[in-house]
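Take a look at the structure below.
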Amino acid sequence: QMWEEAIALGKELAEQYENEMFDYEQLSELLRKQAQFYENIVKVIRPKPDYFAVGYYGQGFPTFIRNKVFIYRGKEYERREDFEARLLTQFPNAEKMKTTSPPGDDIKNSSGQYIQCFTVKPKLDLPSKFHRPVSEQIVSFYRVNEVQRFEYSRPVRKGEKNPDNEFANMWIERTIYVTAYKLPGILRWFEVKSVFMVEISPLENAIETMQLTNDKINNMVQQHLNDPNLPINPLSMLLNGIVDPAVMGGFTNYEKAFFTEKYMHEHPEDHDKIEKLKDLIAWQIPFLAEGIRIHGEKVTEALRPFHERMEACFRQLKDKVEKQYGVRAVLSSLDDRRGSRPRSMVRSFTMPSSSRPLSVASVSSISSDSTPSRPGSDGFVLEPLLPKKMHSRSQDKLDKDDLDKDKKEKKKEKRNSKHQEIFDKEFKSTDISLQQSEAVILSETISPLRPQRPKSQVINVISSERRFSVSPSPPSSQVTPPPITPRTKLSFSIQSSLELNGMSSSDIPDVPPPLPLKGSMADYGNLMESQDLISPTTSPPAHQRVSP
């Protein structure tokens, strides 16, 4: 469950897969694992193993452990008694020492075996990357992992014993153990390389105790905010032990011991420390208020009387503290320490509408229903939007092309035969309305960057000699075909081209359109007889554009 270490190794592998081996399949699998590891860090509660200091004293031990102290990492949920039993099985002749103080030379030089074992607390060494408050679920890993300093605190009384207040003269003798390497490592135990001891005064001990209490309340509140399904019993015990003075006394003993004129007169150098202790007491109230609020939301009906009594005690405590030490607001502090997503992660990935380029979907969504939204939209061609200047230039070019086409058509008409002239005259009467309506389409829907139609869409009609396009454009520079007889078998292709041009099936004339050029004129012998059928007396209805 050391997912932090797995993520660090995974990043090294990801660098190899991505930039050296180019194995993207392995890279994707590795990144999925890393994502699962990050999720486990936040959601899975991992057990915190205990650490034990073990000293081997006496000449009866092997030389590599003789008169040395080691720090062991216990197993999950392993108590000190279980660890001692497991340890003594390796040395059945050893004698367990009753005290935790360092032994004298008589024991170290004796021929027997003496084992001293006690629990030590790992000292948090947070990595430098955590330069701001982070979730307790993330920090909790480093409280018991990647640790090299361990401490053991032993209470020592100095001066006369005060039966009314034991905190006044209780000093703490704290021993710091530094191992050769960080735990856990390749082994579950390492030798202690340096030991030093410091003394903690009663006032410093009170400050440290208040700070730990506030952190404990805040961490539990954060856990319940992150996971509403957590059991309420640990929170109930913690809050009741603080707000109910009949259980643990709270900080009243600190007030009696340090907030007196006598102590201030005897220890004038502790003025700043006393102010710090008062500040910690004042800060405890907003933490308790948040915890009691969460407790009230999750409490069951059976525990409702217990909660109401706890609320009554808290109101009395709050009035007293705010009156003596002031009011503290914890809104911003709680927001920073809650398990919610940090602000740096909650970013808006949308750009302002003025600077965001419009996509095809956005253009079509804001366009009207009766008109195409952009050039090429009816042909399903995704093209970049053009500036207005390019549209105006392209329109001028299109108008010029239309004039050139008209001149070429006139020249073609002169070259055509009499039958061709008759056919052109009749055909253009049906095509004028289309050209007029298409002029509007050209100004709105045709882009100058639109590519030419590929050759694959050109239909081969007669033995690859002559080809015509299914494009609905007006007659171009190609030679106009001679008069033809209507053929119903090819009317479907012309009908499809009209539908591409935006006309529905109901707008198509009843007379079938003409066919392309034939190989010989023998097939058009009955042209004049069917001419009346080909020529419509009225022009077809105007071209209507239908949105795709």
(message) For a quick size check, give me the Cα extents of the stretch 3-43 along its three principal axes, largest first, whole Å.
(response) 33, 16, 8
(request) Please work out the ratio of the alpha-carbon Rg of the stretch 202-331 to 2.2 N^0.38 Å and round it to two decimals. (result) 1.13
(message) Amide H of residue 67 versus every other amide H placed in the peptide plane: which residues, excluding those fewer than 5 positions away on the same chain, fall under 5 Å?
(response) 56, 57, 58
(request) Find the all-direction average of the projected area of the Cα convex hull for the stretch 39-104, expressing the result in square nanometres with one decimal place. (result) 6.1 nm²
(request) Pairs of Cα atoms under 8 Å, at least six residues apart: use those to get the relative contact order of the stretch 3-43, whole percent. (result) 52 percent
(message) Please state the shape class of the stretch 159-218: rounded when a/c is under 1.5, otherwise prolate if a/b exceeds b/c and oblate if not, all from the C-alpha gyration tensor.
(response) oblate
(message) Could you tell me the center-to-center distance, by alpha carbons, between the stretch 102-170 and the stretch 275-305 in angstrom?
(response) 29 Å
(message) With viscosity set to 1.567 mPa s at 4 °C, what whole-number translational diffusion coefficient in µm²/s follows for the stretch 46-200 from Stokes-Einstein and a Kirkwood radius over Cα pairs?
(response) 75 µm²/s
(request) Calculate what fraction, in whole %, of the accessible area of the stretch 212-297 sits on carbon and sulfur atoms when a 1.4 Å probe is rolled over the protein chains. (result) 55 percent
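The values are calculated or read from the model by the stated rules, or taken from the named source; none is laboratory data. If you're wondering where the values come from, they're calculated on a predicted model, not measured in any experiment. In case anyone asks, the SASA skips ligands and DNA or RNA and just uses the protein heavy atoms, side chains included. Shrake-Rupley method; radii C 1.70, N 1.55, O 1.52, S 1.80 Å.
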